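Structure, as structure tokens:
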Amino acid sequence: MALEITKDLIDNVRELIKNQKDTALSNFFAEVHHADIAEVLDELSFDEAVYIIRLLDSETTSEVLMDVDENVRENVLEQLSAKEIAEEIDELDTDDAADVIAELPEERKQEVIQKIEDKEHAKEIVELLRYDEDTAGGLMAKELVKVNENWNVLTCVKEMRKQAEEVTRVHSIYVTDNDGKLKGRLSLKDLLMASTRSKIADVYIPKVDFVDVHEKAEDVANIMRKYDLEAIPVIDELGVLVGRITIDDIVDVIKEEAEKDYQLAAGITQDVEADDTIWQLTRARLPWLFLGLIGGVGAARIMGFFDDAIAENAILFMFTPLIAAMAGNVGVQSSAIIVQGLANDDVKGSITDRLLKEVSLAMINGLALAILLFIYVFATEQDMNIASAISVSLFVVIIVAGLVGTFIPLFLNKRGIDPAIATGPFITTSNDIFGILIYFWIAKVIIGF
């Protein structure tokens, strides 16, 4: 049962800390899941969080540190000695341990690694630190269960028992040759059904999905999602099995990608959080706001070219916000669908086919909305030319906005640029300008000013 983090609970924990009731705190947190402890620490002050951390055993502390907010973890690690951090590192799987050490300053990294008692564990962590964090090598853990194809079943079971002691959860059993190269996977059912004298080479499954150490994290996530995998082995350039990636790491990747795409769509150019400094938040938001300012000035200049038309037909000015808003909305809708499809690897076929499909959809939507707008304008203004100019403009603007919203993310993706940047302010601003230009140009043709 999950612990409900209430104000009263936090107040009680603070009272126990204030009165240094260490035994009561230890007994309380001994019954609480590490994820709930992390949530409690996120609500406490920095000093209070450190106080609790020092009361917990190493195994619990290591798990809590992986769940707390990054800022809290950074502050806590600054207060712990290299030896204390090393003790927590010893309790973590290699992938999590590498993530924690990677956050430390360069000098502190070396100091902590030297304090790790399990030298084999330290060696594996150092190996993982060589890989970029956004690659399969940066995501993988060294802990896994592997067997040699030349072993018999009896030897295999004995070796598996030894290896399983170091693995938190056994998702798969991998088969390698004498050189450590990945050959396949072993079904537990087939292992139990086979004779103890049977060779693993005769019972293992040669078909196995795997990724290279340099594979992008986002591509690994797509592979595991597509094939519904709980874990996937990682091989190096020679085909040697070097680690595995589990679903919990992929969930983190998907979450980070979703947050990044959401921020890009909202017009935030950097990965920031609500607790970041005003300067960091300003740097992340200002570039897109500047783009919006330029777009607004551009739209105003375009309207300036049609001053006489607006003076003679003031009704045109009244519908300008509607045209701009519809252009922005349609563009964002189109780009959002394409960006989502690209993220899920669901966008197939050529760009031309996509554009033709979007034109068809935009024509249907545009025609329906244009007819409704024509009826409204004609009923209120009793002017066929005005009603025609506004409704035809809306129809054309919707088609153009749909095309722009579809083409730009596809084009960016082809160029290796994150297509999420195409949503939000970028599409809205560009379609505002196109929309205003098209609107007044068509009005000029129909009304004749």
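The values are calculated or read from the model by the stated rules, or taken from the named source; none is laboratory data. From a predicted model like this one, the values you see are computed outputs, not experimental measurements. When we count neighbours, we look across all protein chains shown, and the Cβ atoms used for this are built from the backbone with ideal geometry, even at glycine. Side chains are part of the model used for accessible areas, which takes the heavy atoms of the whole protein and leaves out ligands, DNA and RNA. Shrake-Rupley method; radii C 1.70, N 1.55, O 1.52, S 1.80 Å.
Some values worked out for this structure:
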read-out: Failed condition for GLY239, given (1) surrounded by 15 or more Cβ atoms within 10 Å (Cβ to Cβ); (2) out of contact with any strand residue (DSSP E or B) (no Cβ under 6 Å at 6 or more places or on another chain); value: (2)
read-out: VAL251 vs. criteria open to solvent by less than 20 Å² (accessible area, probe 1.4 Å) and either under 18 Å from the mean Cα position of the chain (by Cα) or in contact (Cβ under 8 Å) with a residue 40 or more places away in the chain (or both); value: no
read-out: Enumeration of residues in segment 127-151 that are in a strand (DSSP E or B) and open to solvent by 50 Å² or more (accessible area, probe 1.4 Å); value: LYS146
read-out: The lone exception for GLN20 - which of (1) open to solvent by less than 20 Å² (accessible area, probe 1.4 Å); (2) on the phi > 0 side of the Ramachandran plot; (3) not small (Gly, Ala, Ser) it fails; value: (1)
read-out: Qualifying residues in segment 86-112 (those that are open to solvent by 10 Å² or more (accessible area, probe 1.4 Å) and either of a type in the set (S, T, N, Q) or free of Cβ contacts under 8 Å to residues at least 24 places away in the same chain (or both)) - the one farthest from ASP248 (Cα to Cα); value: GLU107
read-out: In segment 165-178, the residues that are part of a loop (DSSP other than H, G, I, E, B) and either touching a Lys or Arg at 6+ places or on another chain (Cβ under 7 Å) or more than 15 Å from VAL234 (Cα to Cα) (or both); value: GLU165, GLU166, VAL167, THR168, ARG169, VAL170, SER172, ASP177, ASN178
read-out: Residue satisfying all of: in segment 191-213; farther than 17 Å from ALA231 by Cα and surrounded by fewer than 16 Cβ atoms within 10 Å (Cβ to Cβ); nearest to the chain's Cα centre (by Cα) among these; value: LEU192
read-out: Neighbours by Cβ (under 7 Å, 6+ apart or cross-chain): first from segment 114-140, farther than 13 Å from GLU91 by Cα and modelled with pLDDT of 90 or more; second assigned to a helix (DSSP H, G or I) and among the aromatic types (Phe, Trp, Tyr); value: none
read-out: Check on GLY448, closer than 18 Å to ASN313 by Cβ and either modelled with pLDDT under 85 or in contact with a strand residue (DSSP E or B) (Cβ under 8 Å, 6 or more places away or on another chain) (or both); value: yes
read-out: Selected residue (criterion: most open to solvent (accessible area, probe 1.4 Å)) from residues of segment 157-168 that are closer than 22 Å to GLU120 by Cβ and touching a residue at least 24 places away in the same chain (Cβ under 8 Å); value: THR168
read-out: Extreme residue, nearest to ASN150 (Cα to Cα), among residues of segment 210-235 that are in a loop (DSSP other than H, G, I, E, B) and without any contact (Cβ under 8 Å) to a residue 24 or more places away in the chain; value: LEU229
read-out: Boolean, ASP99 is at pLDDT below 90 and within 25 Å of the chain's Cα centre (by Cα); value: yes
read-out: LEU3 being over 30 Å from GLY137 (Cβ atoms) and in contact with a His (Cβ under 9 Å, 6 or more places away or on another chain); value: yes
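Let's see how each residue does on (1) touching a strand residue (DSSP E or B) at 6+ places or on another chain (Cβ under 7 Å); (2) more than 19 Å from ILE438 (Cα to Cα); (3) open to solvent by 50 Å² or more (accessible area, probe 1.4 Å):
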| site | (1), (2), (3) |
| --- | --- |
| LEU355 | no, yes, no |
| LEU372 | no, yes, yes |
| GLU381 | no, yes, yes |
| SER388 | no, no, no |
| ILE399 | no, no, no |
| PHE407 | no, no, yes |
| LEU412 | no, yes, no |
| ILE417 | no, yes, yes |
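One line per residue, one yes/no per condition, for (1) outside any helix (DSSP H, G or I); (2) of a type in the set (Val, Ile, Thr); (3) at pLDDT 85 or above:
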| site | (1), (2), (3) |
| --- | --- |
| GLU237 | yes, no, yes |
| ASP252 | no, no, no |
| GLU256 | no, no, no |
| ARG283 | no, no, no |
| ILE294 | no, yes, no |
